[in-house]
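No lab work stands behind these numbers, since they all come straight from the coordinates. In this text the structure is predicted, and so the values were computed from the model without any measurement. Positions of Cβ are backbone-derived with ideal geometry, glycine not excepted, and every protein chain shown enters the neighbour counts.
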Amino acid sequence: MKFGILGALPQEVALIKRCMTAHRSVVVGTRTFHEGEWGGRRIVLALSRVGKVSAALTTTLLLERFGVDRVIFTGVAGALDPRLRPGDVVIADRLLQHDMDARPIFPRFEVPLLNRSEFPAALAPEAEAAARAYIAGALEAEIPAERRAAFGIATPSVRRGLVISGDQFVGGAAQAAALRGLQPDALGVEMEGAAVAQVCHEMGGVPAAIVRVISDRADGSAAVDFQRFVDDIAEYLTGGIVRVMLERSA
Ligand code: SAH
């Protein structure tokens, strides 16, 4: 078993890079892949950068050049479900590209010639169990209560379901409401997950997990300082969840 791990922002992979045992780094085009071990597993870590093309390219390289057979994406997302708060964890079990629209030739959201609009993330149950275990266990020691309190976070909740992706930062109330209207089941919105899931699907059904921490309400309301939140909370939370996932994947 060899895990490919990717995140879109430098802070989303920085903690894992510091904690892993790296054996070598390989540059392919504009990306650097770090091969090594973490949580008792062989991993290859890469910064994908933001957006669907970036995520698809990185995932493809992880699979084809580095031979990973599991993929984990970690990062932050905007909340669409009004019950979600910053710090809550969303595990995608299926993903959709909300900006895919080839009407009238294909139905809205359907990826042309693949006959589907949603792509699965088969490691969702493992990711959800790891998130719950991390929050019940190591969270208290690794992300102190005072630091969480500074962002209004007590105990994060964990939800599993639909996550939607598109090449736009959703930061306006009208934009968020429109997405809610189109995809009422969507828990959150981000910019990479559905691309990762599509590549994993097309490359033979590679099991994937998309682990997201809610950073904002996707409506422009500055509930938290985005950069500080990613630095102080999100990278620890997603990093901890991924570590527990790796440790439990024996
Ligand atoms: N304002 C940020 C933008 C970073 S891009 C900055 O200045 O750095 C946003 C990244 O976080 C993407 O990788 C995306 O997947 C995720 N994300 C978080 N909230 C989002 C939202 N409301 N809409 C779209 N993507 C979001």
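Overview of results
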item	result
For the stretch 142-208, radius of gyration divided by Kirkwood radius, i.e. Rg to Rh on alpha-carbons	1.08
Extension gain from ASP101 to PHE169, taking 0.36 nm per residue of separation minus the Cα-Cα distance	22.7 nm
Shape call, the stretch 131-250: gyration tensor on alpha carbons, a/c limit 1.5	oblate
Inter-site label distance for ARG248 and ALA177 at 7 Å from Cα along Cβ, in nm	3.9 nm
Dipole magnitude of the chain, debye to nearest 20 (Cβ charges: Lys/Arg +1, Asp/Glu -1, about Cα centre)	300 debye
Ranked packing of 154-160, 66-72, 76-82, most packed first, by mean Cβ within 10 Å	76-82, 66-72, 154-160
The chain: calculated mean residue ellipticity at 222 nm from DSSP helix runs of at least 4, using -39500 (n - 2.57)	-9500 deg cm²/dmol
Angstrom value of the Kirkwood radius, inverse mean 1/r, which spans all Cα pairs in the stretch 1-145	17.1 Å
Qualifying trypsin sites (Lys or Arg not before Pro) in the stretch 198-250, DSSP loop, other Cβ atoms within 10 Å at most 14	ARG248
For the stretch 193-250 and the stretch 65-124, distance of Cα centres in Å	12 Å
Neighbour-count order for ASP167, ASP185, fewest beta carbons within 10 angstrom listed first	ASP185, ASP167
Equivalent-ellipsoid semi-axes of the chain, from the Cα gyration tensor, Å, largest first	25, 24, 15
Counting DSSP beta bridges with both ends in the chain, the antiparallel % (nearest 5)	45 percent
Radius ratio Rg over Rh of the stretch 89-176, counting only Cα atoms, Kirkwood formula for Rh	1.12
Pairwise centroid distance, computed over Cα atoms, of the stretch 1-47 with the stretch 131-170, Å	22 Å
Pairwise FRET efficiency - MET203 versus THR32, Cβ, R0 = 25 Å, nearest 0.05	0.70
Over the stretch 1-105, relative contact order from alpha-carbon pairs under 8 Å, at least 6 apart, %	32 percent
